[in-house]
Amino acid sequence: MAIDPTAIVSSKAQIDPTVEIGPYAIIEDEVTIGPGCRIGPHAVIRQYTRMGRGNVVHSGAVLGDLPQDRSFKPCRSYVEIGDNNVFREHCTVHRGTGPETVTRIGNDCFLMASAHVAHNCRIGDSVNIANGALVAGHVEVGDRAFISGCVLCHQFVRIGRLVMAGGGARVITDVPPFMMVLHETDVISINLVGLRRAGVGADQIAEVRGAYRLLYRSGLPFRKALEKLAAGPVGPLVREIIDFAAAPSKRGMAGPPHGAVRAGKADQVQAGE
């Protein structure tokens, strides 16, 4: 184990012998760090944080600090981190806000400088959260989603698999899988580049595009369009969109850009429509 002499490492932490810990880093009680992890200078790993193997924590990042929640009362809660994630400079991940609750980061994620993931979030695998993006409490982000720089994600929103949120967007409603959103959660297209990079074939991309056109460009109310989509034969990716949109939602479903096709409609289509 390579631990810089200036680092402060609790004797109650469980640290694999292959871990590297840089100058002035702090590792608190009851932290677990798996094989091959590298903890950079001035990084802080707070109590009850558990991480798997191969994670890289850059300078000044803070993982597992207390939730920014006025109702929080001191309790045992956790941050759980999978394998092969990268946490760049000064990013922050906060632990759950209730007893025995968890903030979870999957595998192969990339949190860029000054990104923030709040309490009780569920971040899937291979998710990118870019510089300055803020993910509020209880947010769910699906695998391979890309949250661009300075995006703001409202608490309790759900962001589907392979969603692309463009720079500076405000994600205030749920975003179905494979969609691209800008501005005030305006669904502007499918995430074509993301789908191609994920190895999705042309036929399946065409099906996703057809679902997007029906849901967001047909002029039908969202729930009517969803019913029409569900009534026909659909492939697995379109079924994923349908199931996501039909699931319970606390924030409603994202809509088309204001004024696009549905003249007079609000930017967001509420769950009951």
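Residue pairs whose Cβ atoms lie under 6 Å apart, sitting 6 or more positions apart in sequence or on different chains, and linking a residue in the range 9-22 that is surrounded by 19 or more Cβ atoms within 10 Å (Cβ to Cβ) to a partner that is assigned to a loop (DSSP other than H, G, I, E, B) and modelled with pLDDT of 95 or more, are Val19/Cys37; Ile21/Ala7; Gly22/Asp4; Gly22/Gly40; Gly22/Pro41.
Every residue, every condition in (1) among the β-branched types (Val, Ile, Thr); (2) at pLDDT 95 or above; (3) within 14 Å of the chain's Cα centre (by Cα); (4) under 28 Å from Gly160 (Cα atoms), yes or no:
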position	(1), (2), (3), (4)
Gly22	no, yes, no, no
Thr49	yes, yes, no, yes
Gly64	no, yes, no, yes
Phe87	no, yes, yes, yes
Asn128	no, yes, yes, yes
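Scanning the range 142-156 for residues being under 10 Å from the mean Cα position of the chain (by Cα) and open to solvent by less than 10 Å² (accessible area, probe 1.4 Å) gives a total of 3.
Selection of first residues in the range 140-156 that are of a type in the set (Ser, Thr, Tyr) and of second residues that are surrounded by fewer than 24 Cβ atoms within 10 Å (Cβ to Cβ) and assigned to a loop (DSSP other than H, G, I, E, B), restricted to Cβ pairs under 7 Å at least 6 apart or on distinct chains, gives the following pairs, ordered by first then second residue: Ser148/Ala130; Ser148/Gly166; Ser148/Gly167.
When the range 121-137 is filtered for residues that are closer than 22 Å to Lys250 by Cα and open to solvent by 20 Å² or more (accessible area, probe 1.4 Å), the ones remaining, listed by number, are Arg122, Leu134, Ala136.
Scanning the range 248-273 for residues that are modelled with pLDDT of 50 or more and within 17 Å of Gln155 (Cβ to Cβ) yields Pro248, Ser249, Lys250, Arg251, Gly252, Met253, Ala254.
Kindly evaluate Asp29 against the criterion of being free of Cβ contacts under 8 Å to residues at least 24 places away in the same chain and not hydroxyl-bearing (Ser, Thr, Tyr). So Asp29 passes the test.
Count, please, the residues in the range 226-242 that happen to be out of contact with any helix residue (DSSP H, G or I) (no Cβ under 6 Å at 6 or more places or on another chain), surrounded by 13 or more Cβ atoms within 10 Å (Cβ to Cβ) and without any contact (Cβ under 8 Å) to a residue 60 or more places away in the chain. Here the count works out to 4.
The values are calculated or read from the model by the stated rules, or taken from the named source; none is laboratory data. Worth saying up front: this structure is predicted, and the values here are computed from it rather than measured. Neighbour counts are summed over all protein chains in view; Cβ atoms, including those assigned to glycine, are modelled from backbone coordinates with ideal geometry. The area values use the complete protein model at the heavy-atom level, side chains included, leaving out ligands, DNA and RNA. Shrake-Rupley method; radii C 1.70, N 1.55, O 1.52, S 1.80 Å.
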